[in-house]
Amino acid sequence: MKWREKLILAKPESVYGQDSLPVVGANAIQASNVELMPLEADLVKRGLLGGTLGNELQLHVGVHVKLSFDVEMASSGTAGSVSQNDVLLRGCSHASVVNVDNVVYSPIDSGEEANTFYLHFSGQLHPMTGSRGRVSVKLDPKGVPVYHYEFIGLWADPSSVVDPTADFSGIPDPLAVSNTNTPTFNFFGAPQKVAAFEFNQNNGNFYDNLIGEEAVNVNDRAPSGTITLEAPALSTMNWFTTANGSNTGALQWVHGIGAGRITEFNAPRVQPLQPKYINRNGRAMIQMNLSFVAPTDGSPEYTITER
């Protein structure tokens, strides 16, 4: 077995927990940093007394699977067409709305979809049904932006198979984060000079195995993040007073150039927390934690738009 020979297939399920039978031609995901935990479980000792010392047989209880990986932030190449991230974002409790010139993803509170995953690993197939996940995003200058996904799914027997071969030639190459390729980053109504940004959806995914149900359920979410930006004069923007006053502001960034190559992130109510000064190559920066607060009008905490 060769470590790099991994291929992920993902397809939505019409019935929860039933294998949707993903195929390489329609459901292959171009991923990196793939990590599989094929047998997650609690270990139970029976506590039997047999008149001797030593280990006793343990039982695997609540067996499930975890899968994590990165997918580059590159839209479909055609405005209004879904990218390979569509099935993954939907599997992370997002609704998708396909318009003529864009696709908009927003978090949902109910009706979450689930995916079947096939991980082909050097001639071994690890299937995973009923999978639901969480997503995070990082923007670091000079780096390629990625979605980082973490999925939990129901366990099924792995087996040896012949690996399929995927064709990823139709997926656009990503653009590195830079002043040119990331033309917009606004926070509290003003452009910012940003050295790093991270967003974590923090879905409360929970595997449960009850009498009458085995499922991965989504019980909550608590979107958070961090940002590092240039420290302004306090007379221009006082982040310390702003944070101490429990104020919120809109956050927006746009990455990519040209129709079908752009990803836009919007969050209307973001609270900065615990700002502090840090040194970046001799330049004073402000580093803050972020809380993405639910708007009072029932609208989503954030949207991701591919256009």
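The values are calculated or read from the model by the stated rules, or taken from the named source; none is laboratory data. No experiment lies behind these values; they were computed from the predicted model shown. Every residue, glycine among them, receives a Cβ derived from its backbone with ideal geometry; neighbour counts consider all protein chains shown. Surface accessibility is based on the protein's heavy atoms, side chains included, excluding ligands, DNA and RNA. Shrake-Rupley method; radii C 1.70, N 1.55, O 1.52, S 1.80 Å.
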Karplus-derived 3J(HN,Hα) from phi for segment 131-143 (6.51 cos²θ - 1.76 cosθ + 1.60, θ = phi - 60°), whole Hz, x at Gly and Pro, runs 8, 10, x, 9, 9, 9, 9, 10, 10, 10, x, 6, x
The answer for trypsin sites (Lys or Arg not before Pro) in segment 57-145 that fall in a DSSP coil and have at most 11 neighbouring Cβ atoms within 10 Å is Lys142
Where a ≥ b ≥ c are root eigenvalues of the Cα gyration tensor, a/c under 1.5 meaning rounded, otherwise prolate if a/b exceeds b/c and oblate otherwise, segment 105-155 counts as oblate
Computed over segment 158-211, the distribution of all Cα-Cα distances in 5 Å bins, rounded to whole %, is 4, 9, 11, 11, 11, 11, 16, 10, 8, 7, 3, 0
Residue-normalised 222 nm signal for the chain, counting each DSSP H run of n ≥ 4 as -39,500 (n - 2.57), nearest 500 deg cm²/dmol, is -1000 deg cm²/dmol
From most to least accessible, 1.4 Å probe, no ligand or DNA/RNA atoms counted, His60, His148 line up as His60, His148
Toy charge model, Lys and Arg Cβ at +1, Asp and Glu Cβ at -1: the chain dipole around Cα centroid in debye, rounded to 20, equals 1040
Rounded to one decimal in Å, the inverse mean reciprocal Cα-Cα distance for segment 15-132, i.e. its Kirkwood radius, is 17.3
Counting lysine pairs in the chain that sit 8 or more positions apart or on different chains, with Cα atoms under 19 Å apart, gives 5
What the 5 Å binned alpha carbon P(r) of segment 169-273 shows, as percent of pairs per bin from 0, is 2, 9, 16, 18, 14, 12, 10, 8, 5, 3, 1, 0, 0
With R₀ set to 41 angstrom, the calculated FRET efficiency between the beta-carbons of Ala26 and Thr52, to the nearest 0.05, is 0.10
With the chain reduced to its Cα atoms and the Debye formula applied, log10 I(q)/I(0) at q = 0.14 1/Å amounts to -1.09
In whole percent, the fraction of accessible protein surface over segment 109-265 that belongs to carbon or sulfur atoms, probe radius 1.4 Å, stands at 49
Scattering profile of segment 51-207 from the Debye formula, Cα beads only, expressed as log10 I(q)/I(0) at q = 0.19 Å⁻¹, is -1.37
Expressed in angstrom and ordered largest first, the alpha-carbon extents of segment 228-291 along the principal axes are 39, 30, 20
Taking segment 257-307, the equivalent ellipsoid from its C-alpha gyration tensor has semi-axes in Å, biggest first, of 27, 21, 5
Rounded to whole angstrom, the alpha-carbon centroid of segment 156-193 lies from that of segment 1-65 at a distance of 26
Probe 1.4 Å, heavy atoms of protein chains only: per residue, the accessible area of the chain in Å² is 51
